[in-house]
Structure formats: C-alpha cells, structure tokens
C-alpha cells in the first residue's frame, strides 16, 4: 500500500523530534565540557620540553596498547581453561615471545612516569604462564593455572588503569601549555619554525 499523507507527516514529525533530541544532547555535552575547569600546569612536568612531553605520551600510549594485548591473551586462555577444562594444546611460540616482552613493562613505565608508580604490582612471568602445560586430569594443577591466570589478568588491569592515569596527566599538561601559548600547537606541523619552542 502506498504511503499516505498522514504517514509522511508522522515520519517528518519523528525526524524532527530525533533532530531536536540530538541537538539537546550536543548542547548538554557542550555545557558539561564548559563546566569542567581547564587543566593547569603541573610542576612535576616543568623539567620536560614540549617535544619530550609528546614523546612521553606516545610511549605511554604504546605501552598501554601492549598491556591491553597481553591482557586479552591472558583472558583468552583463562576463558578456554575455565569453559572447557582443558589446555589449548601446544602453546603458540609467537605469542610466548610477545608475552616475554611484558617483563620490561614495569621498568619502561617507571622510566616514563614523573609521579608515583610504586603501588603498581610487578607483572608475573607471562611467557612462562602462557607456555605452562597442564594435564587436564589434574584438578589441583588446573585450579592453580586458573588462579595464576586470574591474578595475572588482575595485575594487567591495574597496570592498564595506571597507564590511563599517566597518559591523562601528560595530556592535561599539554593542554595547559597550549592554553598558555596557543602558538605551541603549531609546533606539531612538520617543518614549522615554531617547533623549536618549548
């Protein structure tokens, strides 16, 4: 049946209502952002140049990507062990090599961090945890594997949250500097003579 004039009117009214609702949400988000006080300079970063801050943020974000990847791997094996009660067979060598890099994560973040980092627990040996072969018939050993995988996932979550906090701190410092001197933002452009400004 062909649409009637009433159908067209209803559709138009619905579209207008959705547009109004979307506009209201944008307005609310804008008001919420305006209510947040702007970031202020943090003395902890005073010794760092603009380029050093940007490099720190990039390295912290790269570390967060690695930690998130390790966490997904650990979660995947934990899900497999818990749901099927079996180990997944021979470990994937490449993943074991990837997880071996986790040993240096704590050291790298301590090097990058300008604040407190001692509260973050060190990571276990994830490559050993991944490569550990367990006889599914041994309930005691299977329970130990689940316990160790769970503990590793929790520590990775803590580390990931700490990285979010560190990235947020550097980002706020960058924004504060840009607010002080908007011209600094131009230093991002390649070849810009203002890149030497700090």
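All of the numbers you see were taken from the coordinates with simple rules; none came from a lab. A quick note: this is a predicted structure, and the numbers were derived from the prediction, not measured. Please note: Cβ atoms are built from the backbone with ideal geometry, for glycine as well, and neighbour counts cover all protein chains shown.
Miscellaneous remarks
- Burial ranking of peptide ranges 173-185, 144-156 (average Cβ count within 10 Å, highest at the top): 144-156, 173-185
- Order of 140, 65, 171 - criterion: other Cβ atoms within 10 Å of each residue's Cβ, fewest first: 140, 65, 171
- Sorted by Cβ neighbour density within 10 Å, fewest at the top, the residues 73, 134: 134, 73
- Computing FRET efficiency as 1/(1 + (r/R0)^6) for residue 49 and residue 150, where r is the C-beta to C-beta distance and R0 is 30 Å, gives about 0.10.
- Computed E for residue 80/residue 36 - FRET, C-beta separation, R0 35 angstrom, nearest 0.05: 0.25
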